[in-house]
Structure formats: C-alpha cells, structure tokens
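Step one of this worksheet: look at the structure below.
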Amino acid sequence: MADTAGQRASPARSTIRFISLRDTQTPNLPFRTRAAVPTRARLRCHLSHSIDSTPTPRSTTSDPDPDPDPDPEDSLRFAFACGGAGAGGRVYSAIALADELHASLPSSRSLILGAPAPSLESSAAAAASYPFAPVPPRCLPRGILAAALHLRRFRPHVLVATGGAPALPACLAALLLGLPFVIQDQDASPAPATRLLAPFALRVFLAFNAPVRLLPKRKCAVYGNPVRMSILKCRVSKAEALSRFFPRAGWLSEQEAQVLLVLGGAEGSPEINVAVLNVYYEMLRKRKDRYIIWQTGTETFCEMESLVRGHRRLFLTPFLHELEMAYAASDVVISRAGAMTCTEILATGKPSILIPLPTILDHHQTRNAYIMADIMGAKVITEDELDSSSLTSAIDEIFGDEKLMADMSQKALTAARPNASADIIRHICSLIGAPYPT
C-alpha cells in the first residue's frame, strides 16, 4: 500500500489542487460543549463552512447530506474509514466503535467511509443504520478527492481509520484538510498503511504489544480490538441460541449437545470448506449429540450447498447475520485467524481450532494464530497440515476433554479486553477535547 501511495503521489497532489482546499477554507469549526471555554477552544476541525447540512443520527441513507440539523455544531461527529475486501474485521471494528460512541454519547453522529456498494462496509453500515459515503479504493487520486468532499460535507471532528483500501485515501484527504485522524490496527503486525501514516496520526490504537516496536512509540496505545456490542452483550442461553438454528434440539440439555461453529471469514474459505465437507457427515453419523453451524461464505455457498447432504443437525448458511447467536450456541469454533475473529473468540471464551490464511501480507493471520495458542491454548493447523485426519483429531481432542475445554475457555476470557471500544472512544475524545461520560 505504501508503494502504491509513492507511485501515485503526483496525481494525488494535482487532484487536491483542483478542489483548492486551502484557498476555500473558511474559519475553523469549533465543537460546542457545555464544558468550559478552554475545552471548546481545543476541539477544532479545519473544514469548510460552505456546506451546512449533516446527516441525522444513525440515518439509513447512503447520502451523507440529508436534512440539515438546526444546530449541527452541538453534536460530536466521527467519520470512520474502513474496507472489507477479504477481511470483515476492519469493517466490524468501525461498527463496534461507532456503536460505543452512540451508546455513550447519543447525540453524536457517525459517517462510514468505504468502498462503493455492493461491499461489506456498505451493507454493514446499512444494517447498523449509519450513513455511508463511497470512496473508490482502486484509484488513489479519485479516492482522495471523494474522501475529501465527503469529509468537507460532513465536517467531522476526527477521522478513525480501521484499515482496508479506502482508509488510505481517507487519511490522506484528512491530512490535506487539516483534520485530525487516528488509526486502529487489529493485527499482530502493523499494516503497511499503518506504518506509512503513523507519524501523522494523533494516535495509533493497537491490539497487541508486538507492533509497538515498528511504530513511533509515543503515538501507540494498546487497548485490544473493539468487539460489536451485539456479541459482548448477548446473554442468551446456549439452549435458546441452539433452538434458533435447530428448532428440534430443545429436548437436549446444554451439556449433552456438542456444537461446532465453522467460520471461514466473510467471503468464505475454500480450504476449510473442503476439509469440513470431508468429515461432517461421518462425524454427525457417529455422534448423535453433535451439531454443526457452518458459514460457508457468500462466494462458495452455492457450490457447497450442491455438495453437502442435508442433515437435521447441520445448519448451512452463506453468512451469519446473527453471529452472537452462533457464538452463544457453540462450544468449539473452527476458523481462520483474522484479528477480529480471534478477538471475538477471546470475548466469548470459546475453545478454538485456527487455520491461518498463509497468503495474507506479513503473515498476519499466522502471527495471530500462534499468539492465540500462547494465551489460550488454541489449536493451530496450517493449511499444509489441514486434511480430514488432522481436523477430526483436533475436534475430538477438544470435545473429548472437558477439563481442556474449561481451561481454554477460562484463559480466553481472562485475556479478553471487553472494554476496548469504550477505552478507545474515551481516549479519542480526550485527544480532541470532547466530553465523555465517566
């Protein structure tokens, strides 16, 4: 990503000159609070007053310019830049932070910047009722221009970048506008764009301590990864959650049912799907108390549906829209080792079998997986080792040892940071001088 920025720096400069940001800039926009004047003076955003309309809170529209607010300067405004191509964690980090912001400060406003629809971020923003603004991710100059126009219109007090292709042009646009921005990086190794932008960011929020040595130390804060409120606050019993997927399972007690949750990421994992395809039917035939909730991914669902034999203890779906229910119903999780999935596994205390994606830049998932092995005892199977035998062995080892399951669960819950979203939002508010409830 850094190389791309370097190669296209000249076009980006000419595009931004075209919109004449410095020539059209009007006096700074203060954020009004009921606190003392010094706080009001600290929070300034160098954005134009030329467009006064801002989105209504949690509007479902994708146009960030609906009816004007009668007093728009009285509301705290955050913009979130994220991209979900191949990795939903960046998008759900942004949604988790926006949810925390609105839970703590109901009058605040959020705008999600991401790749144009159809994209994971556009659908996630709509599902969460946040306004969405498209940023073309493949052409850096166009992306910077689009992001700059959206930011000038919305006039946020800060931009929060959680990664993905649209985050880079959004941060560069923020730099040109004089808008403060922060970065939230989810992985055990910082992304190239994080390394590039870290010197210019107000703060870089990290999930792990390891990346600190690769970034400006004074800019770093290690708080863990945000987790969606729907997952954190889910208090549904295993029996009730299981009945959502298997209505006829009500006669089993929670201790009797062994529920396996298979996740391959938002787009699905062909390797995991094939491995599970080779073992699921025999597993269900031998174990009458075992259930499988299997998210195949949207791109591979039709193919898998044609290959899988239906079974009353198998729930096959392209995407789990109620992931919190799936976690509540399950006992063991088979998954890739994306940062957000690992964070959710810790937060829910689920024993896990992780199969890291080896093609990810800097081997992020491999690092994530072995960190999970260290802190909670997660089983790690590399793609080279993945077959029906290794997968069946790992599943039976965990299900066959109740003490091991309890130990993995306890270690996961101990390592979890359920307050990461609140800590990050509180820190951002302190940086920009905005009030935050204690």
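The values are calculated or read from the model by the stated rules, or taken from the named source; none is laboratory data. Quantities reported herein were computed from a predicted structural model and do not represent experimental measurements. So basically every Cβ, Gly included, is an ideal-geometry build from the backbone, and we count neighbours across all protein chains shown. With ligands, DNA and RNA removed, areas are computed over all heavy atoms of the protein, side chains included. Shrake-Rupley method; radii C 1.70, N 1.55, O 1.52, S 1.80 Å.
When segment 180-216 is filtered for residues that are of a type in the set (Gly, Ala, Ser) and buried (at least 16 other Cβ atoms within 10 Å of the Cβ), the ones remaining, listed by number, are ALA188, SER189, ALA191, ALA193, ALA198, ALA201, ALA207. Take the conditions (1) buried (at least 16 other Cβ atoms within 10 Å of the Cβ); (2) closer than 30 Å to VAL158 by Cα; (3) outside the structural domain of ILE183 (by the TED database); THR438 misses just one of them, which is (1). Applying the selection to segment 269-282, what residues are surrounded by fewer than 19 Cβ atoms within 10 Å (Cβ to Cβ) and touching a residue at least 24 places away in the same chain (Cβ under 8 Å)? Passing the criteria: PRO270, GLU271, LEU277, ASN278, VAL279, TYR281. Here ARG248 does not qualify as open to solvent by 10 Å² or more (accessible area, probe 1.4 Å) and outside any helix (DSSP H, G or I).
Could you say whether any residue in segment 413-422 is in contact with a Leu (Cβ under 6 Å, 6 or more places away or on another chain), open to solvent by less than 10 Å² (accessible area, probe 1.4 Å) and within 30 Å of LEU76 (Cα to Cα)? For segment 413-422, residues in contact with a Leu (Cβ under 6 Å, 6 or more places away or on another chain), open to solvent by less than 10 Å² (accessible area, probe 1.4 Å) and within 30 Å of LEU76 (Cα to Cα): present.
Among the residues making up segment 272-290, a single one is at pLDDT 95 or above and touching an Asp or Glu at 6+ places or on another chain (Cβ under 7 Å): ALA275. The number of residues in segment 337-349 being open to solvent by less than 30 Å² (accessible area, probe 1.4 Å) and either among the hydroxyl-bearing types (Ser, Thr, Tyr) or more than 17 Å from the chain's Cα centre (by Cα) (or both) comes to 2. The numbered conditions (1) touching a helix residue (DSSP H, G or I) at 6+ places or on another chain (Cβ under 8 Å); (2) in the same structural domain as VAL160 (by the TED database); (3) not in a strand (DSSP E or B); (4) not charged (D, E, K, R) are all true for GLY264 except (2).
Taken over segment 315-336, residues that are crowded, with 19+ Cβ neighbours inside 10 Å and either part of a strand (DSSP E or B) or in contact with a His (Cβ under 8 Å, 6 or more places away or on another chain) (or both) amount to 5. The set of residues in segment 291-312 that are at pLDDT below 95, over 25 Å from the mean Cα position of the chain (by Cα) and not aliphatic (A, V, I, L, M) comprises CYS302, GLU303, GLU305, SER306, ARG309, GLY310, HIS311, ARG312.
One line per residue, one yes/no per condition, for (1) of a type in the set (Gly, Ala, Ser); (2) modelled with pLDDT of 95 or more; (3) part of a loop (DSSP other than H, G, I, E, B); (4) crowded, with 21+ Cβ neighbours inside 10 Å:
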{"site": "SER123", "(1), (2), (3), (4)": "yes, no, no, no"}
{"site": "ALA126", "(1), (2), (3), (4)": "yes, no, no, no"}
{"site": "SER129", "(1), (2), (3), (4)": "yes, no, yes, no"}
{"site": "ILE144", "(1), (2), (3), (4)": "no, yes, no, yes"}
{"site": "HIS150", "(1), (2), (3), (4)": "no, yes, no, yes"}
{"site": "PRO156", "(1), (2), (3), (4)": "no, yes, yes, yes"}
{"site": "VAL160", "(1), (2), (3), (4)": "no, yes, no, yes"}
{"site": "GLY164", "(1), (2), (3), (4)": "yes, no, yes, yes"}
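Just to be sure, is ARG138 free of Cβ contacts under 8 Å to residues at least 40 places away in the same chain and open to solvent by 30 Å² or more (accessible area, probe 1.4 Å)? So ARG138 passes the test.
Sub-7 Å Cβ pairs linking a first residue in segment 102-124 that is more than 25 Å from GLY265 (Cα to Cα) and in contact (Cβ under 8 Å) with a residue 40 or more places away in the chain to a second residue that is of a type in the set (D, E, K, R) and open to solvent by 10 Å² or more (accessible area, probe 1.4 Å), at least 6 apart or interchain, are HIS102/ARG58, ordered by first then second residue. Contact map, segment 384-402: first residue under 13 Å from VAL333 (Cα atoms), second residue modelled with pLDDT of 95 or more and among the small types (Gly, Ala, Ser), Cβ cut-off under 7 Å, separation 6 or more or different chains; pairs are LEU391/ALA275. Scanning segment 360-375 for residues that are open to solvent by 50 Å² or more (accessible area, probe 1.4 Å) and under 25 Å from TYR280 (Cα atoms) yields no hits at all. Checking the stated criteria, ALA378 turns out to be open to solvent by less than 30 Å² (accessible area, probe 1.4 Å) and touching a residue at least 24 places away in the same chain (Cβ under 8 Å).
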